[in-house]
1. On the given criteria, is residue 196 surrounded by fewer than 20 Cβ atoms within 10 Å (Cβ to Cβ), free of Cβ contacts under 8 Å to residues at least 40 places away in the same chain and among the acidic types (Asp, Glu)?
2. In the same structural domain as residue 99 (by TED's automatic domain parsing) and closer than 30 Å to residue 37 by Cβ, is that true of residue 148?
3. Going through region 147-177 one residue at a time, which ones are under 11 Å from the mean Cα position of the chain (by Cα) and not aliphatic (A, V, I, L, M)?
4. Just checking, does region 97-112 include any residue being in the same structural domain as residue 14 (by TED's automatic domain parsing), over 24 Å from residue 8 (Cα atoms), assigned to a helix (DSSP H, G or I) and not acidic (Asp, Glu)?
5. Any residue in region 70-93 that is within 13 Å of the chain's Cα centre (by Cα), closer than 20 Å to residue 19 by Cα and surrounded by 13 or more Cβ atoms within 10 Å (Cβ to Cβ)?
6. Among the residues of region 160-196, what is the count of those that are over 22 Å from residue 95 (Cα atoms), of a type in the set (Ser, Thr, Tyr) and either assigned to a helix (DSSP H, G or I) or at pLDDT 95 or above (or both)?
7. Would you confirm whether or not region 120-138 contains a residue that is in the same structural domain as residue 85 (by TED's automatic domain parsing), at pLDDT 95 or above and not in a helix (DSSP H, G or I)?
8. Can you tell me which residue among 53, 27, 73 is touching a helix residue (DSSP H, G or I) at 6+ places or on another chain (Cβ under 9 Å), within 29 Å of residue 227 (Cβ to Cβ) and without any contact (Cβ under 8 Å) to a residue 40 or more places away in the chain?
Amino acid sequence: MWLHEQWLLMVAIACLYLYDSALLLFHNELVLEARASGYVVSGGSAIELGGRHVFLPNPCCPHRALARLSWPHGGSAEWRPERWRRARLAVSVIAPWTWWLLGLFFVALPLALCFAADIVLLGWLLLTYLSIIAMLAQVWRYRQALGLTPRAVGALAADALLCAPFALNIVRKISLRQAAAAPLHAFAASMLSSAERVALAGLLRERIHISLDHLEPASESSATLLAYLDQYQDDIP
């Protein structure tokens, strides 16, 4: 019976983590996942939930920043690439904490459960929450570089402290806030390599052509989408 309860606890933690990680993307949205070598472009899975595409970032890599962008309208003309680069540098200080927490939840906790001793589980719980508090202290320290108001830091802290598995996604949540003001074309021009722009242009062509099938050929919306796609024509193989 005790072993069964252990598995249920681990499954519950994993489900909470994945639930908090997942994004539901509209047809005109995509996600750029930052990696050491560049970015991976994704429009989410073919599976739709409520008419939106499900995107689930790699659960083993909670340290990777995400940018959620939309077209043809979206972002602000005041967005500056330097702000994103500065935020990514600040996030890199916080990222190791997500690895540490991942180890605490999915390595240390199963080991602690094997002992079935209250003192061991209490020690794990104390270490986990001290780690979350230390991570949040780093977020507060770098809040200006991250462009976070005290209220925004408070919201992140409430999520992480009220539901500890949500703390694993703190880098993703912070980076999504940073990229929210970025226009897709400006972000692509300043951040993506030529190969990544090709992947982006291919995804845009596919999505825009699907949208055009549901619009009148001579409508203003159709013309807007075609004009937007023209900005990426050089990148389409």
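The values are calculated or read from the model by the stated rules, or taken from the named source; none is laboratory data. Predicted model only: the values in this text are computed from it and were never measured. Cβ: placed from backbone, ideal geometry, glycine included. Neighbour counts: every protein chain shown.
1. no
2. So residue 148 passes the test.
3. Matches in region 147-177: 169, 172, 173, 175, 177.
4. Scanning region 97-112 turns up at least one residue that is in the same structural domain as residue 14 (by TED's automatic domain parsing), over 24 Å from residue 8 (Cα atoms), assigned to a helix (DSSP H, G or I) and not acidic (Asp, Glu).
5. no
6. 2
7. Within region 120-138, none of the residues are in the same structural domain as residue 85 (by TED's automatic domain parsing), at pLDDT 95 or above and not in a helix (DSSP H, G or I).
8. From the options 53, 27, 73, the qualifying one is 73.
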